[in-house]
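One structure below.
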Amino acid sequence: MATLITLLSTFAFAILVRLIFFNQQPINYRLCGRIALAAMLLFAGISHFLLDDGMVQMLPNFVPFRYLIIYITGII
């Protein structure tokens with residue numbers, strides 16, 4: 001849920017910045033979407049390192065090297 005909130009709030013903020021600082025030009029929604037997606041992926045990647053215990057609990061117990069998998073997916 002936090003990733004969705006990050007995505008939507010960043011998208012709205014990017015549109016707001018375009019309206020305030022670049023009011024002569026039309027709003028480029030694709031650019032705002034790319035910025036929002038980049039922020040959401042950055043948030044999700046950092047969460048793999050800061051909230052690693054919660055991420056590991058999402059994996060089944062039979063999966064080996066669970067922390068290593070979480071860290072690798074955070075880097076990706």
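Please treat every number below as a calculation from the coordinates, not as lab data. Bear in mind that the values here come from a model prediction, so they are computed numbers and not experimental data. Virtual Cβ from ideal backbone geometry, glycine too; neighbours counted across all protein chains shown.
Going by neighbour counts of Cβ atoms within 10 Å, the residues Ile46, Ile69, Ile75 line up, fewest first, as Ile75, Ile46, Ile69.
Report, in deg cm²/dmol and to the nearest 500, the calculated mean residue ellipticity at 222 nm for the chain, where each DSSP H run with n ≥ 4 adds -39500 (n - 2.57) and the sum is divided by the residue count. Result for the chain: -25000 deg cm²/dmol, rounded to the nearest 500. Helices assigned as whole DSSP H runs in the chain whose Cα atoms extend at least 30 Å along their own long axis and whose mean Kyte-Doolittle hydropathy is 0.0 or higher are found at 29-50.
Please list, by residue number, every one of the chymotrypsin sites (Phe, Trp or Tyr not before Pro) in the chain that is coil in DSSP and has at most 12 other beta-carbon atoms within 10 Å.
Working: sites: Phe11, Phe13, Phe21, Phe22, Tyr29, Phe43, Phe49, Phe62, Phe65, Tyr67, Tyr71; in loops: Phe22, Phe62, Phe65.
Counting only loop positions with at most 12 other Cβ atoms within 10 Å, the chymotrypsin sites (Phe, Trp or Tyr not before Pro) in the chain are Phe22, Phe62, Phe65.
With no solvent and one equal point scatterer per Cα, compute the Debye intensity ratio I(q)/I(0) for the chain at 0.12, 0.13, 0.16, 0.27 Å⁻¹ and report its log10, rounded to two decimals. Listed by q, the Debye log ratios stand at -0.46, -0.51, -0.65, -1.14. Cβ crowding within 10 Å, taken as a proxy for footprinting-reagent exposure, orders Met40, Met58 from fewest neighbours to most as Met58, Met40.
For Leu19, Leu7, what's the fewest-to-most ordering of other Cβ within 10 Å of each Cβ? Could the numbers behind the result be given before it?
Working: Leu19 10, Leu7 18.
Ascending number of Cβ neighbours within 10 Å: Leu19, Leu7.
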